[in-house]
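The values are calculated or read from the model by the stated rules, or taken from the named source; none is laboratory data. Quantities reported herein were computed from a predicted structural model and do not represent experimental measurements. Cβ placement follows ideal geometry from the backbone for every residue including glycine, while neighbour counts extend to all protein chains displayed.
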Amino acid sequence: MTIQTLSTQAFAGQRPGTSGLRKKVTVFQQPHYLENFVQAIFDSLEGFAGQTLVVGGDGRFHNRVAVQTILKMAAAAGFGRVLVGKGGLLSTPAASCVIRKHGAFGGIILSASHNPGGPDGDFGIKYNIGNGGPAPEKITEAIYARSQQLTEYRIAKAADINLDQLGQYPLAGMLVEVIDPVSDYAELMQSLFDFDRIRALFASGFRLRFDAMGAVSGPYAHHLLENLLGAPAGSVINGTPLEDFGGHHPDPNPAHATELIGLLSGPDAPDFGAASDGDADRNMILGRDFIVTPSDSLAVLAANAKLVPGYRDGLTGVARSMPTSTAVDRVAADLGIACFETPTGWKFFGNLLDAGRATLCGEESYGTGSNHVREKDGVWAVLFWLNLIAVRGQSVATIVQEHWARYGRNYYSRHDYEGIATDAADGLMAHLRSQLSALAGQTVGDFPIATADDFAYTDPVDGSVSHKQGIRLIMQDGSRIVFRLSGTGTEGATLRVYLERYEPASGNHQLDTQTALAGLITLARRLAQIEERTGMAAPTVVT
Ligand code: VG1
Ligand code: CO
């Protein structure tokens with residue numbers, strides 16, 4: 001066997017963001033760019049000789065090329081075995097499931113998630129540790145540091161593996177196993193949910209549309225919803241993974257999943273709609289003419305968890321990212337369980353899940369999950385909702401409205417300002433930071449501000465501290481405005497403004513969300529000087 005050692009030079013800018021390294025495909029196509037990052041990952045790990053690595057991605061353009069390179073580099077690095085999904089495919093939650101089930105040392109996931117794909121689109125890579133979850137900051141920072149010092153990388157000289165044929169293939173002293181990307185995951189889902197009951201729901205005429213958005217959730221949704229649960233053929237739309245997602249922006253929110261939103265409106269609409277993103281870790285839940293916000297979805301799942309077999313014994317705790325609405329906090333208080341508030345990004349939930357301190361986790365960005373894996377999980381959330389509907393025998397809208405009637409409603413919206421010049425975005429955040437001490441305790445317009453700070457998080461399990469995780473303005477009545485810059489974009493900066501207002505159980509739950517939040521929206525734009533600093537009179541995306 002031949003292991004080649006090739007000289008290389010460091011590339012600036014290989015610091016992983018909220019969820020791995022994401023760049024334009026053209027950046028990844030530069031000679032040695034991917035190789036450098038993969039070598040930096042391997043150089044930052046210890047003790048993997050002879051161990052198993054899991055590799056797979058969301059099938060976007062460049063996925064196959066990258067998988068072949070990673071296989072050869074894993075062989076050169078001394079891994080004993082690589083499990084790779086057929087066609088190079090593994091959804092992010094399925095990769096997490098496979099790592100855990102097969103006791104792998106870790107995994108490499110290729111995805112830029114909800115970002116568009118294709119030759120002009122985005123590509124991404126991230127490393128997950130042996131618990132199946134995204135590497136914590138300590139490791140991602142080590143990978144970055146290493147990427148800046150590299151002078152060479154090692155790769156086996158070997159023919160490409162046939163990724164389209166299940167089986168075992170030797171590669172320079174290592175074994176490559178091409179596995180079915182769906183089966184381990186499908187087995188796990190069947191251990192958590194009442195498939196008989198959901199099957200009976202479909203048999204009774206319940207109708208669903210699941211929009212896979214041309215991305216990797218298609219094979220999972222086809223198998224679970226149509227083959228195993230009996231939803232009629234055609235219930236899953238855009239179900240074939242495509243290298244460019246069929247031109248879709250595979251982001252399951254009302255702004256990008258417009259086809260599905262259209263299908264779910266009107267008297268003849270199906271009962272239930274759902275969509276997932278590029279790597280199938282996000283979910284959007286819809287009823288007929290009804291959109292469930294992700295923050296509400298988390299709260300509803302927590303409140304009803306005991307109705308589902310996998311969570312019958314109740315939850316030890318829940319966790320949400322800081323910008324996510326506080327709807328789930330009210331459920332946790334009612335249930336008498338802990339509620340953790342973490343920085344944005346699933347990696348911050350890993351320790352809480354491993355320590356058994358949280359069972360369900362969620363983010364406002366259409367991410368929901370539990371201790372069954374260590375990633376958020378789109379198809380899991382859909383099955384959870386279907387199980388609830390099958391048990392409660394109510395529509396999506398009724399379930400959510402009854403939730404509000406009991407706990408009150410957290411009106412919630414996120415306003416994104418995309419494509420801002422980096423300097424302007426940094427200046428805007430610095431300006432906000434400079435006002436914090438003056439704002440705390442002041443009344444601005446109609447809003448008495450109780451807390452104004454820059455969110456910092458101390459992990460209760462390992463004590464690690466993360467600073468500057470978003471600027472919070474918390475009003476006396478609990479209403480909140482949060483500002484932060486995206487860590488997943490590949491062009492310029494994206495400002496995210498998160499807005500939340502609480503309306504008690506007895507209050508008005510029928511307002512239009514943007515109307516309900518109008519005062520906070522105006523205040524946010526004024527305090528951050530959004531128009532003056534970015535020239536933008538309105539957000540580019542509202543969810
Ligand atoms: C966004 C979301 C965050 C999510 C992350 C990865 O990050 O806000 O909640 O965890 O994407 O999701 P940011 O830094 O752009 O706000 V995914 O589905 O892109 O892996
Ligand atoms: Co994703």
> What are the residue pairs meeting all of these: first residue in the range 45-59, first residue assigned by TED's automatic domain parsing to the domain that holds Gly173 and over 16 Å from Glu177 (Cβ atoms), second residue acidic (Asp, Glu) and within 16 Å of ligand 2 (Cβ to nearest atom), Cβ atoms under 7 Å, and 6 or more apart or on different chains?
Replying inline: Asp58/Asp279
> With the range 475-543 as the region, which helices (runs of 4 or more DSSP H) entirely inside it contain at least 3 residues that are assigned by TED's automatic domain parsing to the domain that holds Arg433, touching a residue at least 24 places away in the same chain (Cβ under 8 Å) and not small (Gly, Ala, Ser)?
Replying inline: 518-527, 530-534
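To keep it simple, each residue is scored yes or no on (1) surrounded by fewer than 23 Cβ atoms within 10 Å (Cβ to Cβ); (2) in contact with a helix residue (DSSP H, G or I) (Cβ under 8 Å, 6 or more places away or on another chain).
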position: Asp122; (1), (2): no, yes
position: Ile139; (1), (2): yes, no
position: Tyr144; (1), (2): yes, yes
position: Gln148; (1), (2): yes, no
position: Ile155; (1), (2): no, yes
position: Asp160; (1), (2): yes, yes
position: Ala172; (1), (2): yes, yes
position: Glu177; (1), (2): yes, no
position: Ala200; (1), (2): yes, yes
> Going by the structure shown, is Gly393 out of contact with any Ser or Thr (no Cβ under 9 Å at 6 or more places or on another chain) and of a type in the set (Gly, Ala, Ser)?
Replying inline: yes
> Can you name the condition, by its number, that Ala493 falls short on among (1) touching a Leu at 6+ places or on another chain (Cβ under 6 Å); (2) within 30 Å of Tyr407 (Cβ to Cβ)?
Replying inline: (2)
> Leu188 versus (1) within 28 Å of the chain's Cα centre (by Cα); (2) over 17 Å from Gly369 (Cβ atoms); (3) of a type in the set (A, V, I, L, M, F, W, C); (4) away from ligand 1 (no atom under 16 Å from the Cβ): which is the lone unmet condition?
Replying inline: (2)
> Quick check: is even one residue across the range 181-197 surrounded by 20 or more Cβ atoms within 10 Å (Cβ to Cβ), touching a Lys or Arg at 6+ places or on another chain (Cβ under 9 Å) and over 30 Å from Thr240 (Cβ atoms)?
Replying inline: no
>> Consider the range 79-89. How many of its residues are over 17 Å from Met174 (Cβ atoms) and either among the charged types (D, E, K, R) or touching a Cys at 6+ places or on another chain (Cβ under 9 Å) (or both)?
In response: 1
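For every residue, the table says whether it meets (1) buried (at least 24 other Cβ atoms within 10 Å of the Cβ); (2) of a type in the set (S, T, N, Q); (3) more than 13 Å from ligand 2 (Cβ to nearest atom); (4) not in a strand (DSSP E or B).
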site	(1), (2), (3), (4)
Glu341	no, no, yes, no
Phe349	yes, no, yes, yes
Leu352	no, no, yes, yes
Ala358	yes, no, yes, yes
> Before we move on, is Leu188 within 15 Å of Leu90 (Cβ to Cβ) and not charged (D, E, K, R)?
Replying inline: yes
> Of Gly121, Gly103, which residue is within 16 Å of ligand 2 (Cβ to nearest atom), more than 15 Å from the chain's Cα centre (by Cα) and either more than 21 Å from Cys361 (Cα to Cα) or modelled with pLDDT under 95 (or both)?
Replying inline: Gly121
> Taking Pro252, is it within 26 Å of Glu341 (Cβ to Cβ) and within 16 Å of ligand 1 (Cβ to nearest atom)?
Replying inline: yes
>> Within the range 366-384, does at least one residue satisfy the condition of being touching a strand residue (DSSP E or B) at 6+ places or on another chain (Cβ under 8 Å), β-branched (Val, Ile, Thr) and farther than 18 Å from Asp277 by Cβ?
In response: no
> Restricting to the range 472-495, what's the tally of residues that are crowded, with 22+ Cβ neighbours inside 10 Å and within 21 Å of the chain's Cα centre (by Cα)?
Replying inline: 4
> Which of the residues spanning the range 147-173 are part of a strand (DSSP E or B) and in contact with a Leu (Cβ under 8 Å, 6 or more places away or on another chain)?
Replying inline: Glu152, Tyr153, Arg154, Ile155, Ala156, Gln168, Tyr169, Leu171
>> For the range 321-330, check the following and say yes or no: at least one residue is part of a helix (DSSP H, G or I) and surrounded by fewer than 24 Cβ atoms within 10 Å (Cβ to Cβ).
In response: yes
